[in-house]
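Scroll down for the structure; my scribbles are underneath it.
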Amino acid sequence: MHKSLIGLAAAASLGLATLTAPSHADAACFGCAVGAGVLGGVVAGAIVGNAIANSPPPPPPYYGPPPPPPGPYYGPPPAYAAAPPPCHWEKRKVWVEEVNGYRWRTVQVCP
């Protein structure tokens, strides 16, 4: 705020100095309008530049949620998934090493 007031005071003093400077009475003074335009541009640029320079920094950008963890992650099974059927016992032909052949045995079968 202090710097803006100093800049504004400097611009005002330059503006007043150009208005109060003695000049000759010339009705066709074409350079006067150009000088006033240049001075007005400099003053406006100083005020706007000072306001931009003293503005607070922008807020930090928004970051979304983090990505999912790498690898094959599978969530919990859906609620509608049925439980696997239970194991059961049945007679099957299996290879028996002692007799080197197939025999009928009762084995547990789990799907």
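Within the stretch 50-105, the set of residues being open to solvent by 100 Å² or more (accessible area, probe 1.4 Å), in contact with a Lys or Arg (Cβ under 9 Å, 6 or more places away or on another chain) and either assigned to a loop (DSSP other than H, G, I, E, B) or modelled with pLDDT under 85 (or both) is empty.
Evaluate the following for ASN54: is it farther than 30 Å from ILE6 by Cα and among the polar types (S, T, N, Q)? I'd like the intermediate steps shown before the answer.
Details: farther than 30 Å from ILE6 by Cα: no; among the polar types (S, T, N, Q): yes.
No.
LEU16 meets all of the listed conditions (1) at pLDDT 65 or above; (2) in a helix (DSSP H, G or I) but one, namely (1). In the stretch 95-108, the residues that are without any contact (Cβ under 8 Å) to a residue 60 or more places away in the chain form Cβ pairs under 7 Å with partners that are exposed (fewer than 11 other Cβ atoms within 10 Å of the Cβ) and part of a loop (DSSP other than H, G, I, E, B), at six or more places apart or across chains, as follows: GLN108/CYS87.
The values are calculated or read from the model by the stated rules, or taken from the named source; none is laboratory data. The model shown is predicted, which means the values in this text are computed figures rather than measured ones. Quick reminder, even Gly has a Cβ in these numbers, built from the backbone with ideal geometry, and neighbours come from all protein chains shown. We work out accessible area using only protein heavy atoms, side chains counted, and drop any ligands, DNA or RNA first. Shrake-Rupley method; radii C 1.70, N 1.55, O 1.52, S 1.80 Å.
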